[in-house]
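Undergrad: Starting off with a structure, shown below.
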Amino acid sequence: MLYKVLDKSAYRDFVKALISEYEFIGPKKKDRSVHDFVPIKDISELDTNYMRVTIPPAKKLLFPPNEKLVTYEVGRKIEVRPVIESDEEILFGVNAWDINGMNFLDRVFTTDFIDENYISKREKLIVIGMDSKPTETNFSLSMGTEYAKDGFDIYLTELKDKYFIRIATARGNEIVERYAKVSDATAEDFRGYDKYMNNYRKKFKMSVNIKNFYDDFELIYDNEDFWKKIAKNCYSCGSCNLVCPTCFCFNIKDDIELNLKSGSKTREWDSCMISEYGLVAGGHNFRPDKENRLKQRYRCKLKTFIDKFGKYACVGCGRCIEACLAKINIAEDINSVKKEVSV
Amino acid sequence: MRKPKVGIFGLTGCGGCQLEILNLEDQLLDLVNAIEIVHFTEAITEYSDNYEIAIVEGSISTMHEIERIKKIGDIAGTIVAIGACAVSGGLNCLKNLYGLEKAKELVYRDKKKLIDSIEVKPVDEYVKVDYYARGCPPNRFEIVDIIRSLIVGKKPEIPNYPVCIECKRNGNTCVYELGITCLGPISRAGCNSRCPNSVSGCEACRGVIDDPNINAQKDLLKEYGLTVEDILKEFNLYNACRGKTIEQKNK
Amino acid sequence: MIINIKDKKIEELIFRIPEPPRFFEAMLVGRKYDEPSHIASRICGICSVAHTCASIKATEKAMGIEPSLQTINLRKLVYHHENVRSNVLHVYFLAIPDFFGVGSIIPLVETHPEVVNIALRTKKIANDMVRIIGGRAVHPIRIVVGGFTKLPTEEEMVEMRKMLEASYPNFEKTLEVLKALEIPDFERETEYISISDPIDYALYDGNIKSTDGWEIDDQNYMDKINEKIVRYSTAKHCWATRDAFMVGALARFNNNYERLTDNAKKYANELGLKAPCYNPFMNNIAQFVEIIHSVDDSIKLINEILEEGLDEDKAMAEIKPKGGRGVGVVEAPRGLLIHDYTYNDLGRVEKANLIIPTGMNYANIEKDMYALVQAIIDKSEVEIRLACEMLIRAYDPCISCSTHLLKCKLINK
Amino acid sequence: MVLGVNAASKNTIYAPDVARITRIEQISPTEKVFKIVFDDEEIKNKFEFKPGQFVELTVFGLGEAPFSIISNPKNRDFFKLCVRNAGSVSRALHNMEEGERVGIRGPFGNGYFPYEKMKNHNVLLIAGGLGLAPLMSLIRYILHYREDYKEIMVIYGAVNPESILFKNEIQYWSNRGDISLCLSVDNPDDKWTGEIGVCTKLIPRVKFPPDDTYAAVCGPPIMYKYVIDELKKKKFKPENIYLSLERRMECGVGKCNHCHIGDKLVCVDGPVFSLWQIKNLKEAI
Ligand SMILES: Cc1cc2nc3c(=O)[nH]c(=O)nc-3n(C[C@H](O)[C@H](O)[C@H](O)COP(=O)(O)OP(=O)(O)OC[C@H]3O[C@@H](n4cnc5c(N)ncnc54)[C@H](O)[C@@H]3O)c2cc1C
Ligand code: SF4
Ligand code: SF4
Ligand code: SF4
């Protein structure tokens, strides 16, 4: 890691240079309440001062909602062609917990088998991080994801009159040297950064008691009343999954053109909250009820990947809480598991 | 591959579903190549009684149509109902809610006896329907998908999950955040969430999913200031024929 | 349709509409002010934008809602393209095959692929226009009381302009095809009614005007237009000053020729269409001329909208539901369309009256048919039947009935 | 981003290799056996599998589904699948003819039947219905190296005599005499002389010493609970009981997450698990 500082007066020139030199993707205000990561052509469109976590999360750049994986021609011979698309792009202004979300996906898509479709995009994506204000529902601090220690090229932290820059890769260093007038961070700068981080951490209002969840969950697992109660209003609508920066379930579909000559395999985002998810041929459903599925989602988010990678699959961004029309709240539910178990 | 003979028929409806087939534009020529269209109420002058697959638009609302659909059922091996009117009776069923006699009186006054009109029912009340392309209008790509599936011998995949899934895949802001009500959480997807894409609430024109959480939806609508009557009206717009079953489903 | 001919004299001529009745007037009763436009749209898939707009205009009138100029311009823009696609469908999918003596456009795929391609391309452009502005091609979503739920982006506007500009060469080729067609030489003077505006070639808004010399405010349509239920048809018949009148492209053309763009006038001229024209078969030509006008005018509208810039704040007007009566009159592709709503104080529909263009033309079709059959009564049964069917199709009554359902039944010949 | 993985490959794990159906055999009213050979020599030579592993088979234009390999791993020129006509892909496959092409990915599954560990022990194989298919590869392998194993017993239950799979092979086993067979059907016909009822009822008859025996089990989801109960009564050790599990799979390579049970993925960690591995995984059985 290299530590540099950039004078605030030079910030706009730096960003402008990046916009003109690269495919540049950053947060732009979409409508009254949310921002989205979209291609930016002019610095005036960029709004890094976003509050509502962007929906959909930036993972869509690496793992699009619909993605063609393979095409084929069906004739006398069958020709199968893999489709791997990736472009060098800058993803600008993504916050720490979303970077941690991508880091989690990195693990998923490289464990056991390497998913080229994801990885080729990820390797070409230049990530420039920046903090954003946590919402009321954000509990990243409790999940330990409010700070990103890797997974980016450059991370900018806005201090009073300068930006504190952390550079994690050679590629990031090249970009900084080329387009920004920076100087080495001094002891003074580090102190400023430290103070900032202390303040920043105080902004997280929601906290969860995640410490013992791993074991408590086993105890609560068979308490049907508990799960029925919290899942009562669940629509099985999957919104919670589809806005999540770490959810990665997908379906693969085969399609053929009407001329019956060329076809393709496409993957699209799926959700573990819908009833078809656990259905197998013959009609047996391994998770027929909404309470099974909600329980399953919590296990996947908060336990499964502790076993596998030693990580939570939830970065505490709070998106699912805001998206849920049934007001099902993962943070409150983590806390109520603790409460239920301790009585 | 052999070309199946297909008839496309219009009953009581607005013609929009057949129009959606014509609106395929880019795929229309491929479609004409893949199947032999022997009858198409809206686009072909000729008339034929020789078809294996019948694509039917519209609900049954006259005695005459009962005869027609029965005849179609006798001829066709496979019946595909397209559009809300054919699938669930659709908006036409509002007439039933209003009252058949009252409606005749209102529109045709003293001439009402001359009008051939009966209680509106969906097509499958009279013949067995094999596949449904729901929606008002139906998604034209879904119609193609059904036809293609019939040609290659696959079961068409018709989603049984809520519109919210597609809505979120499309990256929309939920319209509830903008103060607009939406039936997305209980309605069957497959339309590519076109109403929320246009910042309008879903009206459940494709009907509801198999296991909708109606009670949660009622709570939600109430929270947004709708009265019980409004809520029923929302549910009933396209689902009045099946309205009763929506209510019963959650019990 | 039944024609009873005896000893070379027409005994009886009945034009029957096979459409099942749908009772929209009843369905609308009790619905909240934001719902009628969605319900009314379902009256007809082919003119869903027209019904939506007529419905919205009636509601806005009743409640005193004032949409922004931006809204009106966008509505006019989307409106053009419903007219275009409907006219395309009629000219290319029904009329041209008719003149080539085939039953549909499908055989033309083999024999005249060029024409088919032009037809599909032109239709796609018009549909895409409706999709972009209205949110979907059939039963638009975004067009609502007060304005638009979502605006197109400026990039989309530019894209639309590009699409439109690219369509001119198609029209040149079509012109050649149409010039070669032999249009029956048949004339019967009648009353032509449409809406009319001092500046626009009116489609979306205007006074109601007749070639018989009267012009009234659209709110007072009842002063001139009368409706009655006839025994043998579920659509009501209409009359104004005389016992029948014609609406549709030819009526609009006859009333508003002056407001066509120069380019459209040029096409009319090339095809021998002059106002006033009394040949109902020329309705198809008038439709084609309107396509040209709509494309010209759309490009103008897009430029105007882009110059002003699209403004989110102007997308929706303020709505305060209240009671009152309002009438919305527009030109559907097939002619004058009237929605007349009365709201109660809760903003719910108390009474609705809808007058659709196909109903208006019935009496006139009967009259034309009478004259036509009289003129060709010596010809063979097949020829008479064909001529009658073509006449009905020329009127474009409503696409679903203009095809095979309209079988002529000749009795006692 | 530098992830430390080598993403130089231009292929994707989702692209199937093209293979040819060289033989089709209808072995019951609903099941057919397909013999499959890769088009590409190199791929054919590289293709190696262990008993219990599966492939993802694509019917082009229709879809993909997982099927267990049933042939003896010793055969390297081809492999075989036994497919029940159960849905879109399987129906399409049933409608195909010899010579037609399919797509194959795999073999997949790190969890297989531990044929090495089983050496010098007794082996008990319990199958219900189509569950015999995944066990076939193991049985064939063991019979190939018969002398390496002690006693072998197959318990197999089918719905009715007609639906018994691999009838010829079963006949051959019983002729061999070095493998004991217990067949049972739920609904017998007039000619049936064997056992009647669910096959789990036959387990109490097993005389193998539990410490010296491995069990391999495959069948419909509801069968497992009863089999495990019976084996527990016999004091079988959980680490000696192997089960092949079935879940919905979209990718087969541990990405789509559909087949996960707790922290295990059926596709990469299974499909064969020892009971010990999944003992505390709720939902597994
Ligand atoms: C490891 C494993 C081994 C199997 N081995 C065999 C075998 O040897 N012979 C055999 O006949 N069947 C086997 N099956 C079951 C077989 O995969 C399903 O019957 C198959 O998915 C049916 O596909 P379909 O398209 O015909 O059915 P559909 O019901 O139409 O399935 C549609 C899609 O849903 C998914 N799906 C549905 N059910 C299942 C399921 N049970 N497992 C995985 N995906 C599913 C698939 O993606 C499939 O494409 C095995 C399953 C697994 C998991
Ligand atoms: S928890 Fe909420 S967002 Fe998730 S499926 Fe249930 S209702 Fe939908
Ligand atoms: S589970 Fe919810 S809070 Fe956790 S990362 Fe996903 S969306 Fe964010
Ligand atoms: S807008 Fe409607 S469909 Fe979309 S997420 Fe919200 S409730 Fe669901």
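Derivation of every value follows stated rules applied to the coordinates shown; laboratory data play no part. The structure presented is a predicted model; accordingly, all values stated were derived computationally and were not measured. Positions of Cβ are generated from backbone atoms using ideal geometry, with glycine treated the same way; all protein chains shown enter the neighbour counts.
Undergrad: For chain D, take the longest principal axis of its alpha carbons; what is the angle in degrees between that and the long axis of helix D:221-233, to the nearest 10 within 0 to 90?
TA: Result, in degrees: 50.
Undergrad: Cysteines without a disulfide-compatible partner in chain A, using Cβ under 4.7 Å as the rule?
TA: A:C234, A:C249, A:C272, A:C300, A:C314, A:C317, A:C324
Undergrad: Most mobile of B:D210, B:D124, B:D30 per a Gaussian network model of chain B (Cα springs, under 10 Å)?
TA: B:D30
Undergrad: Still on this structure, please answer the following. Can you list residues whose amide H is under 5 Å from B:I118's amide H, if they're 5+ apart or on another chain and H is modeled 1.01 Å from N?
TA: Amide H neighbours of B:I118: B:T62, B:M63.
Undergrad: Amide H to amide H, which residues 5 or more places from C:I5 or on other chains are under 5 Å from it, using H placed in the peptide plane?
TA: For C:I5, whose amide H was placed from the backbone, the distant partners under 5 Å are C:E11, C:I411, C:K413.
Undergrad: Another one. Sorting C:Y257, C:Y341 on the 10 Å Cβ count, fewest up front, what's the list?
TA: Listed from fewest to most nearby Cβ atoms, that is C:Y257, C:Y341.
Undergrad: Now for a different question. Between D:K237 and B:F141, what is the spin-label point distance in nm, taking each point 7 Å from the Cα along the Cα→C-beta axis?
TA: 5.6
Undergrad: Moving on. For chain D, which cysteines have no disulfide-compatible partner, meaning no other cysteine Cβ under 4.7 Å?
TA: Within chain D, the cysteines lacking a partner Cβ under 4.7 Å are D:C82, D:C182, D:C199, D:C218, D:C259, D:C267.
Undergrad: Have a look at the DSSP beta bridges in chain D and tell me what percent are antiparallel, nearest 5.
TA: About 60 percent, rounded to the nearest 5.
Undergrad: How large is the convex hull of the Cα atoms of segment B:5-152 per residue, expressed in Å³ as a whole number?
TA: Per-residue hull volume (Cα only) is 106 Å³.
Undergrad: Please arrange D:I196, C:I299 by counting, for each residue, the other beta carbons lying within 10 Å of its beta carbon, fewest first.
TA: Taking fewest neighbouring Cβ atoms as first place, the list is D:I196, C:I299.
Undergrad: Something else now. 7 Å from Cα along Cα→Cβ at both A:N66 and A:D7: what's the point-to-point distance in nm?
TA: 5.0
Undergrad: Taking θ = phi - 60°, what integer Hz values does the Karplus form 6.51 cos²θ - 1.76 cosθ + 1.60 yield along segment B:8-23, in sequence order, with x for Gly and Pro?
TA: My calculation for segment B:8-23 gives 10, 10, x, 10, 6, x, 9, x, x, 5, 5, 4, 4, 5, 5, 6 Hz in order.
Undergrad: Which ³J(HN,Hα) values in Hz, rounded to whole numbers, follow from the phi angles of segment A:158-168 under the Karplus curve 6.51 cos²θ - 1.76 cosθ + 1.60, where θ = phi - 60° and Gly and Pro get x?
TA: Calculated HN-Hα couplings, in order: 7, 9, 4, 10, 8, 9, 8, 10, 10, 10, 9 Hz.
Undergrad: Please turn the phi angles of segment C:194-206 into ³J(HN,Hα) values with the Karplus equation 6.51 cos²θ - 1.76 cosθ + 1.60 (θ = phi - 60°), one per residue in order, whole Hz, x for glycine and proline.
TA: 7, 8, 8, 9, x, 10, 7, 6, 5, 10, 8, 7, x
Undergrad: Then there is this: Please sort by residue number the GluC sites (Glu not before Pro) in segment B:88-191 whose DSSP state is loop and whose Cβ has at most 16 other Cβ atoms within 10 Å. Can you show the working numbers first?
TA: Values: sites: B:E101, B:E105, B:E119, B:E125, B:E142, B:E157, B:E166, B:E177; in loops: B:E119, B:E157.
Loop-located and lightly packed - B:E119, B:E157.
Undergrad: Only Cα pairs within less than 10 Å get springs; with that Gaussian network setup on chain C, which residue of C:I143, C:I392, C:I43 has the largest fluctuation?
TA: Ranking C:I143, C:I392, C:I43 by mean-square fluctuation puts C:I43 first.
Undergrad: Between exposed trypsin sites (Lys or Arg not before Pro) in chain A, where DSSP calls loop and at most 11 other Cβ atoms lie within 10 Å, what's the longest gap? Before the final figure, lay out each step's value.
TA: Numbers: sites that count: A:R32, A:K41, A:R76, A:K77, A:K160, A:K211.
That gives A:212-343 as the longest site-free run.
Undergrad: Follow-up. Mind listing the long-range amide H neighbours of A:C324? Cut-off is under 5 Å, sequence gap 5 or more, other chains count too, H placed in the peptide plane at 1.01 Å from N.
TA: Here nothing satisfies the definition.
Undergrad: Roughly speaking, what is the stretch gain from C:D200 to C:D311, that is 0.36 nm per residue apart minus the C-alpha to C-alpha distance, in nm to one decimal?
TA: Details: separation 111, 0.36 × 111 = 39.96 nm, distance 2.38 nm.
My answer for the length gained is 37.6 nm.
Undergrad: Assuming a strict under-23 Å limit between Cα atoms, what lysine pair count do you get for segment D:122-244 once near-sequence pairs (fewer than 8 apart, same chain) are dropped?
TA: Lysine pairs satisfying the spacing and distance rule in segment D:122-244 number 25.
Undergrad: Could I ask something else about it? Are there chymotrypsin sites (Phe, Trp or Tyr not before Pro) in segment D:92-152 that DSSP puts in a loop and that have at most 14 other Cβ atoms within 10 Å, and which ones? Present the calculation step by step, with values, prior to reporting the outcome.
TA: Values: sites: D:F108, D:Y112, D:Y115, D:Y141, D:Y145, D:Y149; in loops: D:Y112, D:Y115, D:Y145, D:Y149.
Those that pass, being in a loop and sparsely packed, are D:Y145.
Undergrad: Loop only by DSSP, 12 or fewer other Cβ within 10 Å of the Cβ. Give me the GluC sites (Glu not before Pro) in segment D:43-80 that pass, ordered by residue number.
TA: Working: sites: D:E48, D:E56, D:E64; in loops: D:E48.
Qualifying residues, ordered by number: D:E48.
Undergrad: To continue, here is another question. Considering the Cα positions of segment D:17-108, please state its Rg to one decimal place and its Dmax as a whole number of Å.
TA: 12.0, 36
Undergrad: So which residue, out of B:T12, B:T62, B:T173, gets the largest mean-square fluctuation from a GNM of chain B using Cα contacts under 10 Å as springs?
TA: B:T173
Undergrad: Return an integer: the convex hull volume of the alpha-carbon atoms of segment A:21-155, in Å³ per residue. Show your work: numbers first, answer last.
TA: On the way: hull volume 18.9 nm³, N = 135.
Enclosed volume per residue, from the Cα hull, is 140 Å³.
Undergrad: Aspartates and glutamates within cross-link reach of C:K367: Cα-Cα under 18 Å, excluding same-chain residues under 8 positions apart?
TA: Cα-Cα hits under 18 Å: C:E11, C:E12, C:D185, C:E187, C:E189, C:E191, C:D212, C:E227, C:D243, C:E389, C:D396.
Undergrad: Could you list C:T241, A:T145, B:T227 in order of exposure, starting from the residue whose Cβ has the fewest other Cβ atoms within 10 Å?
TA: Ascending Cβ contact count within 10 Å gives the list B:T227, C:T241, A:T145.
Undergrad: Continuing with the same structure: Along the positive direction of the dipole of chain C (beta-carbon charges: Lys, Arg +1; Asp, Glu -1; about the Cα centre), which of C:N254, C:L391, C:G135 reaches farthest?
TA: Of C:N254, C:L391, C:G135, it is C:L391.
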